[in-house]
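Scroll down for the structure; my scribbles are underneath it.
What follows draws every value from the coordinates through simple rules; no lab data is involved. These numbers come from a predicted model, not from an experiment. Neighbour counts are summed over all protein chains in view; Cβ atoms, including those assigned to glycine, are modelled from backbone coordinates with ideal geometry.
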Amino acid sequence: MATTGNKNINAKLVLLGDPGAGKSSLVLRFVKGQFVEFQESTIGAAFFSQTLAVNDATVKFEIWDTAGQERYHSLAPMYYRGAAAAIIVYDITNPASFDRAKKWVLELQAQGNPNMVMALAGNKADLLDDRKVAAEASEAQVYAQENGLFFMETSAKTATNVNDIFHEIAKRLPRVQPSQNPAGMVLTDRPAERAASATCCS
Ligand SMILES: Nc1nc2c(ncn2[C@@H]2O[C@H](COP(=O)(O)OP(=O)(O)O)[C@@H](O)[C@H]2O)c(=O)[nH]1
Ligand SMILES: [Mg+2]
């Protein structure tokens with residue numbers, strides 16, 4: 001069922017990022033509340049859905065978990081096109097994955113929707129001893145601020161900030177404008193407007 005009212009929002013969300021960064025694990029944690037140490041690598045992409053209540057609305061996320069491998073790169077636009085939100089995931093123990101995350105941000109900025117809500121997730125935040133990408137007041141945070149993303153460190157393993165990142169996205173999604181004509185009828189004497197509405201499409 002599509003959107004049924006102003007307070008029900010359907011939002012396509014895509015996860016992008018290096019293989020191994022933890023995209024599938026974040027989705028598994030969010031959708032099923034589970035974590036597995038040896039998550040199988042994703043082939044192509046996988047689809048999930050999960051509903052979240054935020055203050056004034058119910059948001060149904062339609063989640064595309066992509067594979068991340070270069071050989072699937074040409075498929076990525078299928079998943080991010082039309083997406084209301086994206087989570088770009090890197091692994092805080094792997095600087096190359098942070099560099100790759102920045103490339104995804106550039107690609108989304110160039111080809112995606114300018115209103116897309118973008119989140120940068122520094123995942124595996126539980127692996128503090130192996131940290132290679134700094135967090136607060138750091139490269140990742142400054143980068144996110146400069147590029148209009150919001151930034152959180154997450155751990156699919158311990159569940160830290162996993163619900164929070166989806167919740168924050170849900171809060172930032174543009175709300176459907178309340179209808180000016182609840183009865184669904186427009187009465188007008190102005191011919192120009194009638195002509196316009198007669199030829200209009202949506
Ligand atoms: N310690 C730790 N390991 C994680 C975390 N998230 C994912 N992993 C592990 O990292 C590996 C890759 O995760 P996966 O979700 O398949 O990454 P994807 O390729 O981005 O989908 C798996 O072995 C996961 O168990 C995390 O937050 N902390
Ligand atoms: Mg995966």
For I92, I169, order by how many other beta-carbon atoms lie within 10 Å, fewest first: I169, I92
Under 20 Å from K102, Cα to Cα: aspartates and glutamates that are on another chain or at least 8 residues apart: D18, D65, E70, D91, E136, E139, E146, E153
Within the range 1-87, percent of DSSP bridges classed antiparallel, to nearest 5: 50
Long-range HN-HN contacts of V14 with modeled amide H, under 5 Å: W64, A85, A86, I87
Two-site label geometry, N147 and K102: point separation in nm, points 7 Å out along Cα→Cβ: 0.8
F38 paired with D164, simple spin-label distance in nm, labels 7 Å along Cα-to-beta-carbon: 3.2
Assigned charges on the beta-carbon of Lys, Arg, Asp, Glu; the range 16-105 dipole about Cα centre (debye): 160
In order through the range 57-66: 3J(HN,Hα) via Karplus (6.51 cos²θ - 1.76 cosθ + 1.60), integer Hz, x for Gly, Pro: 8, 10, 10, 9, 7, 9, 9, 9, 9, 8
Sorted by Cβ neighbour density within 10 Å, fewest at the top, the residues F61, F150, F47: F47, F150, F61
Violating pairs (Cα-Cα greater than 28 angstrom) within the set K132/K171; K7/K103; K32/K124; K7/K124; K23/K171: K132/K171; K7/K103; K7/K124
